[in-house]
Amino acid sequence: MEKIAVPAKGPEGLDAIAFGQPSYAPFFTIVTVEDSEIKKVEVIRNPASGLLTYRGPSLASWLKHMGVTVLISISLPEDVLRSLTSWGIKAVFATGRTVREILEAYLSGTYRPPRGEKSGEEGLV
């Protein structure tokens, strides 16, 4: 089972427009996936978006507390990536306009791990 977080512009769940910077995202769509099947979808306002400092560490800590194991994003600043890694959260990049498109890209193996690591799948973005 994986609990996957995708930064979102609005509270529309899987149909929300994806947001580029996780620390500033107004919402997160958090999806529980088991055997590549969506079991649960939650939309939660991002508590780190209003902070002036320490957004990256605060975001990573909050996501870990929520049980998130993977964060999928269009882009990811280095400080956020370091914070996620230190909390044991896997961070990957995927392209798509909506949360659903980004989630589908991840589940199909069409994603790119940070720092040029290989995912072992064909069709990397």
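If the only charges are +1 at each Lys and Arg Cβ and -1 at each Asp and Glu Cβ, what is the size of the charge dipole of the chain around the Cα centre, to the nearest 20 debye?
I would put it at about 440 debye.
Across region 1-108, how many lysine pairs, 8 or more apart or on two chains, come within less than 17 Å at their alpha-carbon atoms?
Close lysine pairs under the 17 Å cut-off: 5.
Taking DSSP loops as anything outside H, G, I, E and B, show the longest stretch in the chain free of trypsin sites (Lys or Arg not before Pro) there with at most 13 other beta carbons within 10 Å.
The reported range is 1-96.
For region 101-108, what does the Karplus curve 6.51 cos²θ - 1.76 cosθ + 1.60, with θ = phi - 60°, yield as ³J(HN,Hα) per residue in whole Hz, taken in order and with x for Gly and Pro?
5, 5, 5, 4, 4, 5, 5, 8
Suppose only helical runs count, i.e. DSSP H with n ≥ 4. What mean residue ellipticity at 222 nm does that imply for the chain under -39500 (n - 2.57) per run, divided by all residues and rounded to the nearest 500 deg cm²/dmol?
So the helix-based figure for the chain works out to -6500 deg cm²/dmol.
When a/c is below 1.5 the answer is rounded, else prolate if a/b is larger than b/c, else oblate, so apply that to region 2-116 with a ≥ b ≥ c taken from the square roots of the Cα gyration tensor eigenvalues.
rounded
FYI, it's all coordinate maths here, none of it is from the lab. Treat the numbers as computed from the prediction; the structure is a model and nothing was measured. Methodologically, a virtual Cβ is constructed for each residue, glycine included, from the backbone with ideal geometry; neighbour enumeration extends over all protein chains shown.
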